[in-house]
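These notes concern the structure reproduced below.
The values are calculated or read from the model by the stated rules, or taken from the named source; none is laboratory data. Please read these numbers as outputs of a predicted model, since none were measured by experiment. Don't worry about glycine lacking a Cβ; one is built from the backbone with ideal geometry, like all the others, and counts go over all protein chains shown. These area figures cover heavy atoms from the full protein model, side chains too; ligands, DNA and RNA do not enter into them. Shrake-Rupley method; radii C 1.70, N 1.55, O 1.52, S 1.80 Å.
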Amino acid sequence: MRRVVVTGMGAVTPVGNHLEEYWNSLVEGVCGVDFITRFDVSDKKVKVAAEVKNFDPLEYFEKSELRKNDLFVQYAVAAATQAMNDSKLAGTVEPERLGVYIGSGIGGILTTTESSDKLCQGAKRVSPFMVPMMISNMASGTVSIRFEAKGPTLPIVTACATSSHAIGEAYRAIRHGYADAILAGGSEAAVCNLTLAGFTSCMALTANNDPKTACRPFDKNRDGFVMGEGAGVVVLEEYEHAVARGAKIYGEVCGYGNTSDAYHVTAPDPEAGGITRAIRLAMEEAGVQADEHTYVNAHGTSTQLNDKSETLAFHQAFGEAAEKVAISSTKSMTGHMLGAAGAVEAIACLKALETGIVPPTVGLQEADPDCDLDYTPGTAKRMDVKTALSTSLGFGGHNACLVFRKWEEM
């Protein structure tokens, strides 16, 4: 089996539109949750979200291209461009050996709703670009075209586990020889009237409209997640290929678990069987065990059911070592970026390995007795991180776990 390393990263998030800005915000505990500005929420039950701020698409697109690309595609291209520039991969890999695995949980929902509204208001036609703007595969397709990536190219759609699965499946494709490098991650731009109404109706969103306390994973008083948006993309590369060209290596992808709860369309299995197996499978493949050098970036959505069942999964997967592991939920700062969440959280894992800093869970003030592990409340901490895990759970019962190893330890 071939080894797979990470040689480039890019991020567009509610707390920063470039990699270092994003990471520095996490370390400093900057919360990106605020009142929604994209549309009028004066009559809405939920008034807060974690929107991307000050994003300039003209860094990545000609002005004439913007009307042809939904915002989720713009975010994806931005993060992918950052990752490619960071990796310095361009020109070093054959187009047929370069792939793109970028998914989206919802796709071009802004285009879909805007087009529907126009028809309802009497318009006779919609944009000829509507279909390619709204379909979920277009982030992968557009990035593939942008970088002439002619190798294996797929969108993954597993709701909130999307980009973790995208990275995991890309890792397997390189490991088994189908590509030498793959741009992998996810993108989402779904903060709109329709999605806000839908998530509110299924009682998934917080009813707390105080931006500072709305998202508080593992806190006793948590009551739902906060919608976020943005994109995260990493460059995965075959180890020998990366070394031969002198690439900077952030860390090694060494384990991946993919399971299903087969339990409920929205609720996680209260026995946490699926996510526990995903963690165990990923750790077994990586050949690692949890200890005082392990960091876990939890799915940590700030919902009652997720945080409780995920805590149980950590106990079941790690055993007695669960007490030694440092865990945090960076969703407390970015909100829940849905299909992009796993990728930006994987980036947080890789930066923790690189810097020896574990980002905090902000807003965690009163620990839930059912969430009894070290969730790094309030402030970041320094730690000799040698192994980092990222867990993701998606509607439909999808579970993913990624394991990364510190490069210097090889």
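Identify, by number, the condition in (1) in a helix (DSSP H, G or I); (2) among the β-branched types (Val, Ile, Thr); (3) buried (at least 24 other Cβ atoms within 10 Å of the Cβ) that Thr81 doesn't meet. It fails just one condition, (3).
Pairs are defined by a Cβ separation below 6 Å, a sequence spacing of at least 6 or placement on different chains, a first member in the range 42-57 that is over 18 Å from Val73 (Cα atoms), and a second member that is open to solvent by 70 Å² or more (accessible area, probe 1.4 Å); the pairs so defined are Lys47/Phe35; Val48/Phe35.
With respect to being modelled with pLDDT of 95 or more and buried (at least 21 other Cβ atoms within 10 Å of the Cβ), Val30 falls outside the description. Between Ala247, Ala242, the distinction of being in contact with a His (Cβ under 9 Å, 6 or more places away or on another chain) and farther than 21 Å from His336 by Cα belongs to Ala247 only.
Under the condition of being surrounded by 18 or more Cβ atoms within 10 Å (Cβ to Cβ) and either out of contact with any Lys or Arg (no Cβ under 6 Å at 6 or more places or on another chain) or outside any loop (DSSP other than H, G, I, E, B) (or both), the residues counted in the range 289-300 number 7. Restricting attention to the range 128-174, the residues that are within 24 Å of Val93 (Cα to Cα), touching a residue at least 12 places away in the same chain (Cβ under 8 Å) and of a type outside the set (Ser, Thr, Tyr) add up to 24. Against the conditions (1) farther than 19 Å from Gly396 by Cα; (2) out of contact with any strand residue (DSSP E or B) (no Cβ under 7 Å at 6 or more places or on another chain), Pro270 satisfies every one except (1). From the list Val226, Val234, the lone residue that is open to solvent by less than 10 Å² (accessible area, probe 1.4 Å), within 23 Å of Thr81 (Cα to Cα) and β-branched (Val, Ile, Thr) is Val234. Please go through the range 237-258 and give me each residue that is hydroxyl-bearing (Ser, Thr, Tyr) and open to solvent by less than 10 Å² (accessible area, probe 1.4 Å), ordered by number. Listed by number, the list holds a single entry, Tyr256.
Give the residues of the range 325-370 that are buried (at least 24 other Cβ atoms within 10 Å of the Cβ) and of a type in the set (Ser, Thr, Tyr), sorted by residue number. Passing the criteria: Ser328, Ser329, Thr330, Ser332, Thr334, Thr361. So how many residues does the range 1-30 have that are in a loop (DSSP other than H, G, I, E, B) and either farther than 19 Å from Gly168 by Cβ or of a type in the set (S, T, N, Q) (or both)? Going through the range 1-30 one residue at a time, the tally reaches 6. Look at the range 309-324 and say how many of its residues are touching a Phe, Trp or Tyr at 6+ places or on another chain (Cβ under 9 Å) and open to solvent by 10 Å² or more (accessible area, probe 1.4 Å). The total comes to 1.
On inspection, Leu194 passes the criterion of being over 16 Å from Leu305 (Cβ atoms), in contact (Cβ under 8 Å) with a residue 12 or more places away in the chain, open to solvent by 40 Å² or more (accessible area, probe 1.4 Å) and of a type in the set (A, V, I, L, M, F, W, C). Of the set (1) among the β-branched types (Val, Ile, Thr); (2) touching a Gly at 6+ places or on another chain (Cβ under 7 Å); (3) open to solvent by less than 10 Å² (accessible area, probe 1.4 Å); (4) under 25 Å from Asp86 (Cβ atoms), all apply to Val143 but (2).
Test His315 against the criterion of being out of contact with any His (no Cβ under 8 Å at 6 or more places or on another chain) and either within 25 Å of Val33 (Cα to Cα) or not in a helix (DSSP H, G or I) (or both), and give yes or no. In short, no. Of the residues making up the range 379-397, those that are open to solvent by 60 Å² or more (accessible area, probe 1.4 Å) and part of a strand (DSSP E or B) are Lys381, Arg382.
Just one of the numbered conditions (1) in contact with a Leu (Cβ under 8 Å, 6 or more places away or on another chain); (2) hydrophobic (A, V, I, L, M, F, W, C); (3) part of a strand (DSSP E or B); (4) within 23 Å of Ser302 (Cα to Cα) is not true of Ala348: (3). For the range 270-288, residues that are farther than 19 Å from Val385 by Cβ, part of a helix (DSSP H, G or I) and open to solvent by 10 Å² or more (accessible area, probe 1.4 Å) total 6. With respect to (1) open to solvent by 40 Å² or more (accessible area, probe 1.4 Å); (2) touching a Leu at 6+ places or on another chain (Cβ under 9 Å), the lone exception for Ala159 is condition (1).
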